[in-house]
Structure formats: structure tokens, C-alpha cells
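This report refers to the structure that appears directly beneath it.
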Amino acid sequence: MADIDIRELVAYEPYCADCGETGPIETSSFLAFAWEQAHDCATAARRAEVARAS
């Protein structure tokens, strides 16, 4: 039988408190932070409006 080591995986899900959009679930806090810094609420709102219209 194989020797298996089970480890805990930490996941980060960035969330914008202003518009409520969530970013991709990341295993790196740096990538989650990068999404938060690059997030633009106005662009997210336009994308949501286009998706609703489709």
C-alpha cells in the first residue's frame, strides 16, 4: 500500500465589499491580493449588466 500524506490546503477567495463580486479561488494569498488590487467595480458592473441582457 502507498504511503499517503494528507495535507491541509488553504484557499483564498477575494471578495469586493463594495460590489459583492468574488474573484477566483486561489491557493496563494499573493494572487488573491493581486485580484483585489486590480479589481474595478465599474467594469464588473458593466460585465454583469451585459450578462443579464444576454
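Counting only Cα atoms, I'd like the Rg/Rh figure for the chain, Kirkwood definition for Rh. Rg divided by Rh gives 1.24. Each Lys or Arg adds one and each Asp or Glu takes one away; over the other residues whose Cβ falls under 13 Å from the Cβ of residue 33, this sums to -3.
When only Cα pairs under 8 Å and 6 or more residues apart are kept, what is the percent relative contact order across the chain? For the chain, the relative contact order is 26 percent. Amide H contacts of residue 21 (H built 1.01 Å from N, in plane; Pro and chain starts excluded): 16 sit under 5 Å, all sequence-distant by 5 or more or on other chains. Near residue 15, once Lys and Arg are set to +1 and Asp and Glu to -1 for all other residues with Cβ below 9 Å from its Cβ, the sum equals -3. Determine the share of the chain's accessible area contributed by carbon and sulfur atoms, expressed in whole percent, with a 1.4 angstrom probe. About 55 percent, which is the carbon plus sulfur part of the accessible surface.
Run the dipole for the chain about the Cα centre, Lys and Arg Cβ at +1, Asp and Glu Cβ at -1, nothing else charged, and hand back the magnitude in debye, nearest 20.
Values: 4 positive and 10 negative charges, 68 e Å.
Dipole about the Cα centre, nearest 20: 320 debye.
Applying a 4.7 Å cutoff between beta carbons, the unpaired cysteines of the chain are 16. Per residue, the chain exposes an accessible area of 87 Å² to a 1.4 Å probe, with every protein chain left in place.
The values are calculated or read from the model by the stated rules, or taken from the named source; none is laboratory data. Remember, predicted model here, so these are calculated numbers, not experimental data. Quick reminder, even Gly has a Cβ in these numbers, built from the backbone with ideal geometry, and neighbours come from all protein chains shown. The protein model used for the area step is the full one, side chains on, heavy atoms only, and it has no ligands, DNA or RNA in it. Shrake-Rupley method; radii C 1.70, N 1.55, O 1.52, S 1.80 Å.
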